[in-house]
1. Assigning unit charges at the beta carbon (Lys, Arg +1; Asp, Glu -1) and nothing else, what dipole magnitude in debye, to the nearest 20, does the chain show about its Cα centre?
2. Sort 156-169, 91-104, 27-40 for me by packing, meaning the mean count of neighbouring Cβ atoms within 10 Å per residue, highest on top.
3. Just subtract the alpha-carbon distance of ASP97 and TYR354 from 0.36 nm times their residue separation and send over the number in nm, one decimal.
4. Need the list of lysines near LYS59 for cross-linking: C-alpha distance under 26 angstrom, and skip anything on the same chain fewer than eight residues off.
5. Under 1.5 on a/c is rounded, so check that first for segment 259-363, then, if it is not, pick prolate when a/b is larger than b/c and oblate when it is not; a ≥ b ≥ c are the square roots of the alpha carbon gyration tensor eigenvalues.
6. Per-residue ellipticity at 222 nm for the chain, helices alone: DSSP H runs ≥ 4 residues times -39500 (n - 2.57), over residue total, nearest 500 deg cm²/dmol?
7. For the chain, build the charge dipole from Cβ charges (+1 Lys, Arg; -1 Asp, Glu) around the Cα centre, then report which of ILE289, ILE202, SER42 sits farthest towards its positive end.
8. With the Cα gyration tensor of the chain giving a ≥ b ≥ c as the square roots of its eigenvalues, does the rule (a/c under 1.5 for rounded; else a/b larger than b/c for prolate; else oblate) give rounded, prolate or oblate?
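Every number here is computed from the coordinates shown, using simple stated rules; none is lab data. Predicted model, so just to flag it, every value in this text is computed and none were measured. Because the Cβ atoms are built from the backbone with ideal geometry, glycine has one as well, and the counts that use them run over all protein chains shown.
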Amino acid sequence: MSNVLYAAVKQDQMTPKERDEAIAQNKPYDRIQCALFMGEHSAKLIGSKVSDLHQNVDKMLESQIAIRNVYDSETVGVGPGLQGIAEAIGSKVTFPDYSTPYISEFAVKDYSDIDSLEVIDPLKAGRLPKLLEGLERIKESLGHEVNVSTSVAGPFSTAANLRGTDVFLKDIYRSPEFAHKILRLATDSSIAYVKEAARRGILISICDPTASGTLIKRTHFESFAFPYLKELIDSVIESTGSRPTLHICGNSTKIWDLMAQTGASALSLDDVIDIEAAKHTVGYKVKLIGNIRPTATMYLGTPQDVDRNARECLSKAYNNPKGYVLGLGCGLPSDTPPENIHALTNAARKYGQYPLNPELFAV
């Protein structure tokens with residue numbers, strides 16, 4: 001694939017790192033931030049198998065250089081994602097060559113299995129040593145202009161990947177003490193990885209899809225997800241000196257206040273919710289990220305659809321009291337047309353110049 005053919009228009013006056021720092025310090029900046037959540041799409045840029053992105057350090061680095069060069073991506077990095085911590089503890093992961101990894105065998109099949117599992121050593125367990133090496137190399141190559149981050153699953157999602165989602169959701173009803181025991185292991189292991197990443201100057205983002213309001217009640221989120229998620233985020237803040245972003249898939253409307261109370265710096269919101277409603281509910285507490293439609297707009301739409309969706313999101317959330325990032329509602333489908341990705345970054349440039357002018361993106 002030709003980088004010339006898909007080269008992004010270079011109109012930025014700041015590097016992503018300079019932009020981050022200016023916004024954090026309430027100083028003028030060139031344009032609004034844009035979060036792409038590239039995922040497996042980067043494999044296509046380098047002609048690689050998706051499986052290589054998760055297991056080959058050279059491919060990790062090459063893919064992140066590619067998304068920075070081709071799309072001017074404002075975030076780079078690799079991470080254990082949704083399965084990596086559970087894999088390091090003992091679950092088995094299958095890595096298809098051209099699709100997303102998945103848990104193929106859960107570590108905790110019976111209650112007694114938990115007794116044989118221990119908190120991980122990130123320097124030895126699973127793929128984590130390779131990921132940490134990849135992060136070091138990415139930071140060495142790109143860290144002068146863009147922050148390097150690693151995404152880790154929230155404890156509730158990691159627990160589900162140790163036990164099996166359907167079984168774990170039954171556990172919280174049938175055996176809550178056992179569910180808490182799995183959550184304790186998931187949290188302590190996640191914290192161990194976070195501390196190693198932090199020692200390398202890496203920032204953290206957290207995704208906890210199984211804790212979605214689409215799957216569990218608010219009361220269950222309060223009892224089984226929130227305490228461990230907050231503990232993980234507290235550890236991130238202590239280790240890195242900065243607060244992580246938090247993404248929870250699906251309809252998170254009933255838990256926005258609790259998500260904000262975790263200490264996250266920003267909430268990344270799924271496209272199934274109304275981001276304007278989130279602005280009115282928790283926008284005075286946290287920055288919001290979202291919520292361009294990943295499938296209907298980015299994958300199936302045209303550049304014109306992307307432009308229109310970007311203006312819709314900007315019109316709803318540009319004046320969020322704690323700030324707003326134009327971004328996707330969830331991960332980018334791997335087969336998304338490159339022209340649609342460029343349409344989103346160019347929308348940030350066209351409509352997001354500082355100071356933001358709502359007349360530019362009126363819908």
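1. Numbers: 39 positive and 44 negative charges, 108 e Å.
It comes to approximately 520 debye.
2. Numbers: 156-169: 23.9, 91-104: 15.1, 27-40: 20.0.
Ranked by mean Cβ neighbours within 10 Å, highest first: 156-169, 27-40, 91-104.
3. Details: separation 257, 0.36 × 257 = 92.52 nm, distance 4.21 nm.
That works out to 88.3 nm of additional length.
4. Straight-line reach from LYS59, under 26 Å: LYS10, LYS17, LYS44, LYS49, LYS92, LYS124, LYS130, LYS139, LYS195.
5. Working: a/c = 2.12, a/b = 1.35, b/c = 1.57.
Oblate.
6. Numbers: 14 runs with 157 residues, N = 363.
Rounded to the nearest 500, the figure is -13000 deg cm²/dmol.
7. ILE289
8. On the way: a/c = 1.72, a/b = 1.35, b/c = 1.27.
The shape class here is prolate.
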